[in-house]
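What follows is calculated from the coordinates using simple rules that are stated; it is not laboratory data. In this text, all values refer to a predicted model and were calculated from it rather than measured experimentally. Note that each Cβ is placed from the backbone with ideal geometry, even for glycine, and that neighbours are counted across all protein chains shown.
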Amino acid sequence: MSELILKPMETGEEIRGKAYVHWKSWQESYAGIVDPGYLRRLTLEKCEEMAFAYPKDTWVAKLDGRVVGFACCGPDRESPGAGEVYAIYVLEDFRKRKIGLRLMQLCLEELRGCEKIFVWVLADNAKAIRFYEQLGFRRDGGEKTLTLGTPVKVLRMSGEREQLSAPERHP
C-alpha cells in the first residue's frame, strides 16, 4: 500500500482534489438521504468554487499524489472555547484503509486545546454516526433542519476531550 500523506491543503491542485472528494463523496454517501435534485445541482464546479473560497482549516489525505480524503476543523461556530470537526470525507474506494480514522486523529490533535468537540451529522447517515460513536462522540440532543432541496435533520454529537479517542486500530 502506498504511503498516506496528511497535510494542510495548500496548492491549487490540492484544492481541486479536495473539491472532487467533496463532490464525489456527497454523490456516494448521500444518495437516498439528500434530495436527488439537490445532489444533481451540487456540481464539481460549485465544489471547486467553495474550496477556493474557503481553503482555511483544511487538511488533505493523499495517496500517490492524489487527494482521496479531507477534513476541516477549528473553533466551534456556536460555543466559545469548544472545537468542531466541520467536515470529514473519504472517497468510497478508499474507505477501508482507515483514512477517515487518520483524518480524525489529525483533527483531534489540531483541537487539543478544546475541552469539548462537536460534529454535526445527517440523522439518516448511520455509517457516519457509527464512526463517530466508536471514537467516543455521543448525541447530545442538539439538532437542526437544513434545506438540501428538501428538509433534512442534522444531529449534533459531542465529546469531552478525555472521552474521545482515535485508536490506531478501528473496528
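Counting every other Cβ atom within 10 Å of each residue's Cβ, Phe52, Phe70 order from fewest to most as Phe52, Phe70. Once you reduce the stretch 1-51 and the stretch 64-114 to the center of their Cα atoms, the two points are 14 Å from each other.
Say the cut-off is 30 Å between C-alpha atoms; which of Lys98/Lys153; Lys56/Lys144; Lys7/Lys153 go over it?
On the way: Lys98/Lys153 27 Å; Lys56/Lys144 25 Å; Lys7/Lys153 32 Å.
From the list (Lys98/Lys153; Lys56/Lys144; Lys7/Lys153), the Cα-Cα distance tops 30 Å for Lys7/Lys153.
Between the amide H of Gly83 and those of Asp76, Lys116, Ile117, Phe118, distances stay under 5 Å, these residues lying 5 or more places away or on another chain, with hydrogens modeled in the peptide plane. Considering the zone a paramagnetic label at Asp35 would reach in this model (a point 7 Å from Cα along the Cα-to-Cβ line), which residues of the stretch 118-150 have amide N under 11 Å from it? The answer is 147-150, whose backbone nitrogens lie closer than 11 Å to the label point.
Each residue of the stretch 39-47 is assigned a 3J(HN,Hα), and the resulting list reads 5, 5, 6, 7, 8, 4, 4, 5, 5 Hz, derived from the Karplus form 6.51 cos²θ - 1.76 cosθ + 1.60 (θ = phi - 60°), x at Gly and Pro. Normalised by 2.2 N^0.38 Å, where N counts its residues, the alpha-carbon radius of gyration of the stretch 25-70 equals 1.33. Straightening the chain between Asp93 and Ser79 buys 1.5 nm, computed as 0.36 nm per residue apart minus the Cα-Cα spacing. The slack between Glu13 and Glu45, meaning 0.36 nm per residue of separation minus the straight C-alpha distance, is 10.1 nm. Gyration tensor over the Cα atoms of the chain: the corresponding equivalent ellipsoid has semi-axes (square roots of 5 times the eigenvalues, largest first) of 22, 21, 16 Å.
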